[in-house]
Amino acid sequence: MFEIGTMRHLARTWNQFGGISFANVAEHTMRVAWISLAIASREGADCGKVVQMALVHDAAETRTGDVHYMSRLYTERHEAKALGDMTADTSLEWIQELWQEYERQSSLEARIVKDADTLDVDFELRELAATGSRLPEMFKPIRDGVNTKLRTKTAVELYESLLRTNPHSWHLEGKNRATAGDWQGLTEQPESTESHY
């Protein structure tokens, strides 16, 4: 559990591009789990298995580190060995099999988690764009190509939806002091861009 706790200290290495503070591995894993759960709910998959797999999908990075799309050309990681050593003689040895299933992409649940892993990058890029960063614009040709690899119908719909959605709509347009409290009617509300995921 101490080792898992170190995921919050692991930077995702794509912060090399622009020096921007991206989500760490723990934060990424948390949102991948939630995206996976949303997709699984619509795809009729095993939601419990999907969340477990999402929690496990990058666990080996506590020993191998994260590798971005350029450094993958030059780096060989031994994630199966890392996860095996990490969980040996613990009550969690069984997650090695779950991780292997994810790596093989041999089930609907594995494909959902892979889609969620891909989509989390796009959610983060949308958040960056809302702050005025131009990095998402520069990444667009790459991300458009990556997103043609989404494997589930729900993931494709979610991707299309997130491109149209303001990352701040959940609090600006949701129930808040201005829309449902004592500030109601004092401000003009923005046109809704809320996604239904």
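Summary table
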| read-out | value |
| --- | --- |
| The listed residue being assigned to a loop (DSSP other than H, G, I, E, B) and either over 20 Å from TRP94 (Cβ atoms) or at pLDDT below 90 (or both), out of ILE20, ILE35 | ILE20 |
| Test: LEU98 is aliphatic (A, V, I, L, M), open to solvent by less than 70 Å² (accessible area, probe 1.4 Å) and not in a helix (DSSP H, G or I) | no |
| Top-ranked residue of region 106-121 - restricted to ones that are part of a helix (DSSP H, G or I) and open to solvent by 10 Å² or more (accessible area, probe 1.4 Å), ranked as modelled with the lowest pLDDT | VAL121 |
| Sole residue being open to solvent by 40 Å² or more (accessible area, probe 1.4 Å), among the charged types (D, E, K, R), at pLDDT below 90 and within 23 Å of the chain's Cα centre (by Cα), chosen from GLU137, GLU103, GLU194, GLU157 | GLU194 |
| Failed item in (1) assigned to a helix (DSSP H, G or I); (2) more than 22 Å from GLN105 (Cβ to Cβ), with GLN184 passing the rest | (1) |
| Any hit, region 57-75, residues being open to solvent by 20 Å² or more (accessible area, probe 1.4 Å), among the small types (Gly, Ala, Ser) and under 21 Å from LEU128 (Cβ atoms) | yes |
| Within region 2-23, tally of residues that are touching a residue at least 60 places away in the same chain (Cβ under 8 Å), farther than 16 Å from PRO136 by Cα and under 15 Å from the mean Cα position of the chain (by Cα) | 0 |
| Region 140-164 - residue that is free of Cβ contacts under 8 Å to residues at least 60 places away in the same chain and in contact with a Phe, Trp or Tyr (Cβ under 9 Å, 6 or more places away or on another chain) and, of those, farthest from GLY48 (Cα to Cα) | VAL146 |
| One residue from ALA40, ALA80 being crowded, with 19+ Cβ neighbours inside 10 Å and outside any loop (DSSP other than H, G, I, E, B) | ALA40 |
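The values are calculated or read from the model by the stated rules, or taken from the named source; none is laboratory data. Remember, predicted model here, so these are calculated numbers, not experimental data. So basically every Cβ, Gly included, is an ideal-geometry build from the backbone, and we count neighbours across all protein chains shown. Heads up: the accessible areas ignore ligands, DNA and RNA and are worked out on the full protein's heavy atoms, side chains in. Shrake-Rupley method; radii C 1.70, N 1.55, O 1.52, S 1.80 Å.
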